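Structure record follows, encoded as structure tokens.
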Amino acid sequence: MARVRLATLALSALLAVPGFSAEVPSRVVEKTLALVPDGRLVLDTYKGRVTITAWERSEVDVRAVVAADGRCDDGADLVARTQVRIEGGGREVRVESDYDDLPKMSFTLGSDCGSRPFVNYEIRIPRGASLRLKDHKSRISVDGLAGDVAVSSYKGVVRLAHLVGKLDLETYKGDAVAELDRVTGDIRAETYKGEIEMVLPKGERVDLHEEIGRRGRFEADVEGVRGGTRVRVETYKGTIHLRTK
């Protein structure tokens, strides 16, 4: 059974969030749903922070802070109309930052009001669960997952640590670092003009497949062999580094 809690952000917590002050409207949405140990979390968000960590419970625990981007007369209304949808349970939980109810924004000189509020997530999921995350420009941290991980971000900053499963990482012009403790599946990394660094376990042998554009750059410090872990890297004019610990 889901446990739902909705609250106003306390002043002390608000001041602890970088870039926010007591003058910025915000609210908190929290929800816990059951998820089998090898289930899947699907997250679709736009901007803010995303922190995902593994735990040993068969549950997904989500805490989302919706906060206005800048100070303006409409800030509280924009926060109230930004929805955090947390649905599912069992084999899959779906989380979405939903801005569909926001009005079309117009900007005036001297205004400090952004078009969409930030949504800052703190999420805990079963260690063996898989993750599919779609983002536009958030700061993303994922730590300790043993399931497959797929992350797509347009221009966010991505940090993935202590992973074990299959990895699919894609950015347009964002920066990403992915560190794997153990490799149990294929790896794909693609960026149009961003920078990706992938760190594999020491001694990992890879079956490397490259598609590097004329203005792209790829650097590898690994042993390439047929029959090793399949690693595919693609970039048009970005940079991809592949190394071992």
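From the helices alone, meaning DSSP H stretches of at least four residues, give me the mean residue ellipticity at 222 nm for the chain, per-run term -39500 (n - 2.57), in deg cm²/dmol to the nearest 500.
The helix-only estimate for the chain comes to -1500 deg cm²/dmol at 222 nm.
Kindly state, to the nearest 0.05, the FRET efficiency for Gln83 paired with Glu219, given R0 = 35 Å and r defined as their beta-carbon distance.
My answer for the efficiency is 0.25.
So what does log10 I(q)/I(0) come out to for the range 70-219 at q = 0.09, 0.21 Å⁻¹, using the Debye formula with one equal point on every Cα and no solvent?
Summing over Cα pairs of the range 70-219 leads to -0.38, -1.33.
Mind giving me the nanometre distance, one decimal, between the label points for Asp100 and Arg57, set 7 Å out from Cα along Cα→Cβ?
3.0
Using 5 Å bins from zero, what percent of all Cα-Cα pairs in the range 193-245 falls into each bin?
Computed distribution, short to long bins: 6, 21, 32, 22, 14, 6, 0.
Based on the Cα atoms of the range 119-167, what semi-axes does the equivalent ellipsoid have, where each is the square root of 5 times one gyration tensor eigenvalue, given in whole Å with the largest first?
Value: 18, 12, 9 Å, ordered largest first.
So what's the range 42-88 giving for Rg/Rh, alpha carbon basis, Kirkwood Rh from the mean inverse pair distance?
Dividing the radius of gyration by the Kirkwood radius yields 1.04.
Every number in this text was worked out from the coordinates using simple rules, so none of it is lab data. Quick caveat: nothing in here was measured; it's all calculated off a predicted structure. Every residue, glycine as well, gets a Cβ built from its backbone with ideal geometry; the counts of neighbours run over all protein chains shown.
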